[in-house]
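Read through the structure below, which is laid out as structure tokens, and then see the notes.
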């Protein structure tokens, strides 16, 4: 099944369960506060159940990344293309062991590895998403650099993909994670939920030229991960509970919104439902 797609029905998805022994390193990884291990693990189980109920095959990663609580955010270590996975090289040094661990799990799951980034390249999955099957959008910031974008472009252009790169804002600086997908998630081929004040002008213009309409996240729900929403299918979205105004606006745009508790699992580590998943097949 194809995967150069951000919104078609989710058929297969890779996730990584939190480990109590890794969550203890939350402070070194700049989480907002200490997670409660039991609640974090329970919230992840509830999250996986929703994915299964939505019709997706859930592939649960087993390869450990000791001492890395961020390893639960499975979207970042790789980029999926129709031919297979590209192993990225995280800009956050503490996450550099994640791609090789994810690669072991994916190979066991029958996924082909088709490429790997090399130093000095850095790139994280949260800085990129598919606008359509031939268009990959990438954010250039503190986690994804020019060398990373160049190497990704060299790997995907031969399969007919055009890469558009956009400079991200400084925001709170290099110590804090700001990804491209911190302020945008696709809800359908022609609809995205966005926090407009953070959007690069060139990205706004490209989306408008592509006839993509916006559901705007209010200021007060940006910090609680309002824009971080996972498309389970066209206009079917999975969001963190509590961003009530963003949910109302999505529903007004015809989106079926499903929610899960993510105060421990997501908000403390700044990783929403898109971050927790790496879709492997859609369609």
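Assorted remarks:
- Region 1-117 holds strands (runs of 3 or more DSSP E) entirely within its bounds, and those carrying 2 or more residues that are under 19 Å from the mean Cα position of the chain (by Cα), over 25 Å from residue 258 (Cα atoms) and touching a residue at least 40 places away in the same chain (Cβ under 8 Å) map to 78-81.
- Yes/no for residue 264 being farther than 16 Å from residue 10 by Cα, under 19 Å from the mean Cα position of the chain (by Cα) and assigned to a helix (DSSP H, G or I): yes
- Extreme residue, surrounded by the most Cβ atoms within 10 Å (Cβ to Cβ), among residues of region 170-196 that are touching a residue at least 24 places away in the same chain (Cβ under 8 Å) and more than 21 Å from residue 135 (Cβ to Cβ): 177
Residue-wise test of (1) out of contact with any helix residue (DSSP H, G or I) (no Cβ under 6 Å at 6 or more places or on another chain); (2) within 12 Å of residue 282 (Cβ to Cβ); (3) at pLDDT 95 or above.
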{"site": "1", "(1), (2), (3)": "yes, yes, no"}
{"site": "19", "(1), (2), (3)": "yes, no, yes"}
{"site": "26", "(1), (2), (3)": "no, no, yes"}
{"site": "30", "(1), (2), (3)": "yes, no, no"}
{"site": "39", "(1), (2), (3)": "no, no, yes"}
{"site": "49", "(1), (2), (3)": "yes, no, yes"}
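- Of the residues making up region 229-271, those that are surrounded by 24 or more Cβ atoms within 10 Å (Cβ to Cβ), without any contact (Cβ under 8 Å) to a residue 60 or more places away in the chain and touching a helix residue (DSSP H, G or I) at 6+ places or on another chain (Cβ under 7 Å) number 5.
Residue-wise test of (1) part of a loop (DSSP other than H, G, I, E, B); (2) more than 18 Å from residue 140 (Cα to Cα); (3) at pLDDT 95 or above.
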residue	(1), (2), (3)
172	yes, no, no
175	yes, no, no
186	no, yes, yes
204	no, no, yes
207	no, no, yes
249	no, yes, yes
269	yes, yes, yes
272	yes, yes, yes
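- Residue match in region 128-145 (condition: part of a helix (DSSP H, G or I) and either over 17 Å from residue 3 (Cα atoms) or over 16 Å from the mean Cα position of the chain (by Cα) (or both)): no
- Residue check for residue 125: surrounded by fewer than 22 Cβ atoms within 10 Å (Cβ to Cβ) and in contact (Cβ under 8 Å) with a residue 40 or more places away in the chain: no
The values are calculated or read from the model by the stated rules, or taken from the named source; none is laboratory data. Every value quoted in this text rests on a predicted model; they were computed, and no experiment measured them. Neighbour counts run over all protein chains shown; Cβ positions are idealised from the backbone, glycine included.
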